[in-house]
Each structure stands twice: as C-alpha cells, then as structure tokens.
Amino acid sequence: MTGNKGKKPRGLAGFAPGEQAGLSAILGAAAPLRLDCGAELGPFTVAYQTYGALNAAKSNAVLVCHALTGDHFCAGDNPFTGKAGWWDLMVGPGKPLDTDRYFVICPNVLGSCYGTTGPRDINPATGEPWGLAFPVITIRDMVRAQAMLLDHLGIADLFCVIGGSMGGMQVLEWVVNYPERVFSAIPIAATSKHSAQNIAFHEVGRQAVMADPHWHGGAYFRHNVTPHAGLAVARMAAHITYMSEAGLTRRFGRALQDRDAFTYGFDADFEVESYLRHQGITFVDRFDANCYLYITRAMDYFDLAADYGGVLAKAFERSRARFCVMSFTSDWLYPTAESRAIVHALNAVAAPVSFVEIESDKGHDSFLLDVPEMFAILRGFLDSAARQRGLQGSAR
Amino acid sequence: MNRPQDIRVDLLLIGQMVRSGSRVLDVGCGDGALLDYLVSERGADARGIEISQAGVNACVARGLSVVQGDADTDLKDYPSGAFDYAILSQTLQATRNPKNVLIELLRIGKRAIVSFPNFGYWRVRGGLFFKGCMPNTGTLNNPWYSTPNIHFCTIRDFVNLCNELGITIEKSMAISSSGRPIPWAHSLWVANLAADQGLFVLRR
C-alpha cells in the first residue's frame, strides 16, 4: 500500500497513470468485460479499499458505492487529500457501518481517475492516455466491474450494498442484475432514471469543459495543459444542484465577501460567489476533465426500467433483498418523488422495503453530512438485517 | 424493543387475531408496536405504512419494514391479494375517503382488520346531549379544532357501509374504554351504545 500526501500541481488530477494507493486488482485478463456500448475492456484495474475483516462464512461483506467524483477511501485517512474519507461518519468501528462487525469493500468506479481504469489511463494500443478513445461506460458496466472484483476476492454474495446519489444507482443496478448476490440494499438520495433536468445540468457541465480551448477534443494530455477553467465552471454549476436554496440562504444569504460595499465590478463580491469559485478551483486539483465527461454520461444513460418495458417493478421481480430507501426533503436533484417511485415499484412486487424521507435543509449532499436521523435509521435497519442474516455482534 | 406486555390492550387483541406466519400490512402503524408484536410473537411477515416521519423513523430504527405514506393515496400501489391481512387500527376516522380506503384494504388483503372509535358510545352521546360539547373520551381526546379525526362513524354506520359494499363481517367486537372486549354486547344496538371502539374482521 502506498500513500501520497503531497499536493499535486494543477492539472495532475487524481493519481498519475499506473500510480496506486490502497488496494487494486487487475481483472478481465482471461475474459474481458463486455460493456453496454458493445466494446470489450480488459485487462483493467479496479482500485479499492477494505475495512474490517471478512468472517469465516464470508457473510458479512458490505459494498459501499461512491458518487460521481468519489473515491475508494470512504473511511479513515484519504492518502489523496490527507483528510478523512468521504463517509468517515458512516464507516468505522462502532459507526453505523461498523467495521468491527462488517467487512466493508469500497471500489473506485470504472471511468474514474483514482486508480480504476478510465480515460486518463494509458491505452495499451497507443501508449498514450485513452482520452475520448475510452469506451463510453454505463452504471451497469461499473457494477459489472465490481462483481468481477467480488469474484476475484472470492466473495459470493453481499450482506449489503449501500450508496448515495450515483452510489445509489449502483445499488439499484446490483439488485436488478445480481439479485442472488444481494441480501440488503440501501439506495440513498437516488433515482431510478436521470430526468431531463438531470441530463440538462450535466450537459451544461460537459459543454463548459468542451468549450475550454485547453480541452483539445479530449487530447489535452498531448498539449501538457488541462481544461481546468471549464471543469471548474462545470463543478460550480453542479455544486449548486447539490445544495438547497434554503441551505444557501442560511449559509451565505446576500453577505458580502471581506468587504463592506459592492465594488461595482465582477469580483466575487458575494460570499456565495467566493464559495463557488473555491469549490471549482479545488475540484480541478482532484478530478480529471475527461473522467467527468464519461461519468456524467454514464449517469445520464441510467434508466433502470428501460430494459423492462419502462415498468420499474418488472426490474425488481427477481430481487430477494430487503430495502431501505432514503431521501431528503430539500434534495431537488433527486427529489423524494424519485425515491417514492422506487418504493412503489418495490411494493408492487411485495419486496420488503422501508422508506424514510429525512428532514434536512442540506440538499442532495445531505447523505454525506452529519444527519443524525439518517445514522440512527441505518443503524436500526442494518442491525435487524444482520440478525436476519445471523451475523454476530462482532466479526472478530 | 417492546415486549408483548407493553403493547396496548386493543392492539394485542388485533395481534392475536392474526394467524402465525401470515403476511400482514399495518396501515397507519404509528411507532410500530403492533408490527413488532406480529413479527416477534406471531412470526408474521409484517410491513407498515405510516404518515408521520417520526413514526416511520422509529419503526425503521427498530428494524421494521415501514414506508412513509398515506392510506388515502398510497394503497393503490400495492398488488391485489398481496397480504393475508390488511390492518387499519384507529386510522379509518382520520382518512379523507374512508369508503375507498376500506375497498382498498380488502383488495390488498384477503382479510381486513379494522378498529375505530365508536361515535355511538354512550359517553359520546351523553357529552353531546348533556354538555352540548364535542366528546372528550379516552379514545377521543383531541379538541375539535385540532383533531386528526375527520370522518367519525358509529358501529351501526360502519356495519351499514360494509353491507352497502357487500363486505362480509367475519367477526365483530365491542371494545370497552379499557381496551377489552365487552362480553355481554351481543346485539348491535347494545354494542353501538356500550362500545368505546369497534373491532371488525372483514373479508370480501
């Protein structure tokens, strides 16, 4: 395992190709991964991290699925950032995903830039980064790669698959495509399909990247530049969709940034402008522009019912999992109605499902934040599922 | 987790009517006391619907399968005949369309178990007759301006509705204010006067 706490120069987002942190597996060498687009990928790398210990019966594995720009360091220290993992509130000893009890596996998704193969990695056919030659991937492709990782680890089935936002989409793909491998499923702040509005916001982000002259048709690696200005704008627009109007008002209102009066110019007069600019600038240091295009595309293509005649319930017919579906009142990106549609479909096939809408003004990002009610509910749901699974209080 | 002795007497009565190992939907399950009993004591595959977030959270946190929803609008999402029992305990009078809810209960469940406060109870009648005020009994304890109960009925009204809808009453019980069955309330006339609550087992 190697760590990397040093700050990278701008444009070297994620890890350099071939560089690794955490664990990794090379998969698809014998039989490549057949992608939804028809292309085949293999061999490819999946970077992942594990927490806790697998029990003798191999019955306590939990798969944590990350969101659009997440990585495999969900708990403990993240060697990329030197900060705590993105779900450190959820995963760890004594936390709702108790690593004294469960064996937590968190893989980096296909198409990302944190170690799992994506457009920033070297295309063996050309010796230079894939760029736009990388095949377009889907959420289901990400899940197929995860299933291959589980095969590689010798884990037949999962006690739980859990994730928020795009992580929740992966959870849903898991129960639909591998129903026999999922005992319980927790999609949080998720949706069963990308709406026109969701696609529209993503397209704004992609156009911002592609309008940056440094993008060079996705081949910026040949010019030793990155479209960081475009990517920053994409992130700024996206970040607004992760927060609620009430949350923005509570946090910033119309407060001015380090000044008493307007400058009558286009500086960041308002705190909210300064905050968004900061979000954009810090994002380009940690994420790759082409990866952003590919993963947002995968989310846009996501429509769970599409292969089932548009009837979502049909997608869940083979599911054996118990579900805990969760949404947040102020999430307007994947609003409660989307979670309710999932619950209705699960009810229609009489699947065991719990559904809670949690009061929060923190918008879509609530699932990443300290929302005590969410933790209490997940703890109760997981405890009861663990009892049904016959898991002991502690795996060790 | 609640032990059976902590459960309200009238809920326990309902719980004991459910055959072991049944599939049950508890509509308006509150904090999950009855569901918990059905799962732990009757080995039922029991689910709930609850309108209040606090109730749902309490249920899910104690490991019950409960969805946040509304009896008036969300029953249509459940497939027909999916449950052996659909239970509606002390909730009918708070729905906007009780008739439709009753029809839906018997579509989803092979049987329905329904309990409701009896507006024909002598204390209710007495309160209106002597005091001229809306009743305030143990079961009906909200002032008129803040009560969630918008569709009161008497036991006789309920029986009439069942007849109108062609619903078979398999079993009926007059429940006293202490939550126990009244053994001597044999006739509808007596039950409608003596009962604080009515409890019915219905089938299509």
With every protein chain in place, the residues of the range B:47-64 shedding 30 Å² or more of accessible area versus the chain by itself (probe 1.4 Å) are B:Arg47, B:Gln53, B:Asn57, B:Val60, B:Ala61, B:Gly63
From the Cα centre of the range A:65-132 to that of the range B:181-204, the distance in Å is 62 Å
Rounded to whole angstrom, the alpha-carbon centroid of the range A:141-197 lies from that of the range A:304-375 at a distance of 13 Å
Expected field for B:Lys110, accessible surface area in Å² at 1.4 Å probe radius, rounded to 10, holds 100 Å²
Kirkwood Rh over alpha-carbon pairs of the range A:199-296 plugged into Stokes-Einstein at 4 °C, 1.567 mPa s gives a D in µm²/s of 89 µm²/s
Rounded to the nearest 10 Å², the 1.4 Å probe accessible area of B:Leu165 is 50 Å²
Note to self: with every protein chain in place and a 1.4 Å probe, the range A:199-296 gives an accessible area per residue in Å² of 51 Å²
Rounded to a whole number, the Stokes-Einstein D of chain A in µm²/s (Kirkwood radius over Cα pairs; 10 °C; 1.306 mPa s) is 74 µm²/s
Highest GNM mean-square fluctuation among A:Arg222, A:Arg206, A:Arg101, for chain A with Cα springs under 10 Å, belongs to A:Arg222
Simple SL model, points at 7 angstrom along Cα→Cβ for A:Leu248 and A:Leu369; separation in nm is 1.4 nm
Between chains A and B, total accessible area buried, probe 1.4 Å, no ligands or nucleic acids, nearest 100 Å², roughly 1600 Å²
In the protein assembly as shown the accessible area split gives carbon plus sulfur, as whole percent at 1.4 Å, a share of 54 percent
Mean accessible area per residue over chain B (1.4 angstrom probe, all protein chains present, square angstrom) is 45 Å²
Chain A, Gaussian network, Cα under 10 Å: of A:Ser327, A:Ser274, A:Ser244, the residue fluctuating most is A:Ser274
Filtered pair list for the protein assembly as shown (Lys only, Cα < 21 Å, 8 or more apart or interchain) has a length of 12
Comparing A:Gly205, A:Gly92, A:Gly310 in a Gaussian network model of chain A (Cα, 10 Å), the one with the largest mean-square fluctuation is A:Gly310
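The values are calculated or read from the model by the stated rules, or taken from the named source; none is laboratory data. Small disclaimer: the values here were computed from a predicted structure and weren't measured. Positions of Cβ are backbone-derived with ideal geometry, glycine not excepted, and every protein chain shown enters the neighbour counts. Surface accessibility is based on the protein's heavy atoms, side chains included, excluding ligands, DNA and RNA. Shrake-Rupley method; radii C 1.70, N 1.55, O 1.52, S 1.80 Å.
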